[in-house]
1. Please work out which residue is nearest to residue 51 (Cα to Cα), limiting yourself to the range 88-97 and to residues that are out of contact with any strand residue (DSSP E or B) (no Cβ under 6 Å at 6 or more places or on another chain) and surrounded by 14 or more Cβ atoms within 10 Å (Cβ to Cβ).
2. Output yes when any residue across the range 47-67 is within 21 Å of residue 127 (Cα to Cα), touching a strand residue (DSSP E or B) at 6+ places or on another chain (Cβ under 9 Å), modelled with pLDDT under 95 and exposed (fewer than 14 other Cβ atoms within 10 Å of the Cβ), and no when none is.
3. Would you kindly identify the strands (runs of 3 or more DSSP E) lying entirely within the range 31-148 that contain at least 3 residues that are in contact with a helix residue (DSSP H, G or I) (Cβ under 8 Å, 6 or more places away or on another chain) and over 29 Å from residue 11 (Cβ atoms)?
4. Within the range 1-27, restricting attention to residues that are modelled with pLDDT under 95 and assigned to a helix (DSSP H, G or I), which residue is nearest to residue 88 (Cα to Cα)?
5. Within the range 98-113, can you find the residues that are under 14 Å from residue 54 (Cα atoms) and buried (at least 16 other Cβ atoms within 10 Å of the Cβ)?
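The values are calculated or read from the model by the stated rules, or taken from the named source; none is laboratory data. On a predicted model such as this, the values are computed, not experimentally measured, just so you know. Positions of Cβ are backbone-derived with ideal geometry, glycine not excepted, and every protein chain shown enters the neighbour counts.
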């Protein structure tokens with residue numbers, strides 16, 4: 001088994017047209033984001049906790065923010081429990097996985113409006129969705145680094 005980390009992420013994303021991330025830990029999220037930003041590969045990421053999910057396309061090579069623009073630092077220990085600690089309602093991974101599949105097809109086919117520069121938040125408990133705008137941070141050390 002291969003576990004993705006900051007050391008092997010660049011080689012794993014190199015040559016990809018799109019990377020999908022549904023991991024449940026922050027170290028992996030930040031490693032995938034850094035590798036995708038450096039390689040110019042769009043990152044479609046979804047996250048879940050309890051009844052809620054969020055999805056976005058992080059794509060700084062095409063004007064959108066990267067994950068670190070939106071979440072500059074991982075939350076302090078205990079503030080964002082893992083899926084195993086907080087639990088996720090059983091159907092939510094299927095809902096978010098379907099949303100990811102649809103967004104991936106839209107991105108690859110260049111169809112419709114993708115979630116670049118936006119985040120879709122799904123509240124499964126109240127059957128509501130919200131779409132919020134995301135902005136690129138000019139001082140982001142990941143996607144606006146001088147040596148890139």
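1. Residue satisfying both the conditions and the ranking: 89.
2. There is no residue in the range 47-67 that is within 21 Å of residue 127 (Cα to Cα), touching a strand residue (DSSP E or B) at 6+ places or on another chain (Cβ under 9 Å), modelled with pLDDT under 95 and exposed (fewer than 14 other Cβ atoms within 10 Å of the Cβ).
3. none
4. The selected residue is 26.
5. Across the range 98-113, the qualifying residues are 99, 100, 103.
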